[in-house]
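The values are calculated or read from the model by the stated rules, or taken from the named source; none is laboratory data. Fair warning: this is a prediction, and the values are worked out from it, not measured in the lab. FYI the Cβ positions are ideal-geometry reconstructions off the backbone, even for glycines, and counts take in every protein chain you see. Each accessible area value is taken on the protein alone, full model and side chains, heavy atoms only, with ligands, DNA and RNA left out. Shrake-Rupley method; radii C 1.70, N 1.55, O 1.52, S 1.80 Å.
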Amino acid sequence: MYEFIQKFHSGWAYLAVLVLVVAVINSFVGLFSKKEFTATDRKIALFGLVAIHTQLLIGLVLYFVSGRGFDSLGQMSNSELRLTSLEHPLINLIGITLITIGWMKHKKLNTSESKFKTFSIYYALGLVLILSKIPWELWFKNL
């Protein structure tokens, strides 16, 4: 069960990161080209939000099924365990929270420029945080 969830988490991450990158690029293109915010732009951002929240749910299941949760201070001296049990979940949760805040804030805005700017800032910051704590060597090994 654990291995299936781990592989699913790693595999879904490719899709989630790809959709999030597309959402960030779309928001920057919309912002700099001063185009009108359309339903398609909203859907692209929504797909990014849904993909990354799905990744969060899979990650939470993996975290609690793995037994690698933060249960001992001895893990802090092992960099791989510290990354997978503390740094990766915490930083990614902060990144996903920023993405969620960006989605919530855009709903209250009226102009296309402000919507694209909000997505550009919050989604890009969330993406940078997420990319900064992906355990790259484990990610490629698990697929």
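Listed peptides 104-117, 80-93 appear in the order 80-93, 104-117 once ranked by packing, highest mean of other Cβ atoms within 10 Å at the front. At an R0 of 25 angstrom, the distance between the Cβ atoms of residue 61 and residue 38 translates into a FRET efficiency of 0.10. Charge tally for residue 34 (other residues, Cβ to Cβ under 14 Å; Lys, Arg +1; Asp, Glu -1): 0.
Shape of the stretch 2-57 from its Cα gyration tensor (a ≥ b ≥ c, root eigenvalues): rounded if a/c is under 1.5, otherwise prolate when a/b > b/c, or oblate? Since a/c reaches 1.5 and a/b is larger than b/c, the shape of the stretch 2-57 is classed as prolate.
Quick check on the chain: take the gyration tensor over C-alpha atoms, sort the square-rooted eigenvalues as a ≥ b ≥ c, and tell me if it's rounded (a/c under 1.5), prolate or oblate. Because a/c hits 1.5 or more and a/b exceeds b/c, the chain counts as prolate. Hey, how many Å between the Cα centroid of the stretch 1-36 and the Cα centroid of the stretch 84-103? Answer, in whole Å: 14.
Rounded to the nearest 20, the size of the Cβ-charge dipole of the stretch 1-51 about its Cα centre is 140 debye, with Lys and Arg at +1 and Asp and Glu at -1.
Heavy atoms only, probe 1.4 Å: what % of the accessible area of the chain goes to carbon and sulfur, would you let me know?
Values: 5750 of 8200 Å².
Accessible surface attributable to carbon and sulfur in the chain totals 70 percent.
Using a probe radius of 1.4 Å on heavy atoms only, what accessible surface per residue do you get for the chain? Whole Å² is fine. Don't jump to the answer; show the numbers that get you there.
Working: 8200 Å² over 143 residues.
On a per-residue basis, the chain sits at 57 Å².
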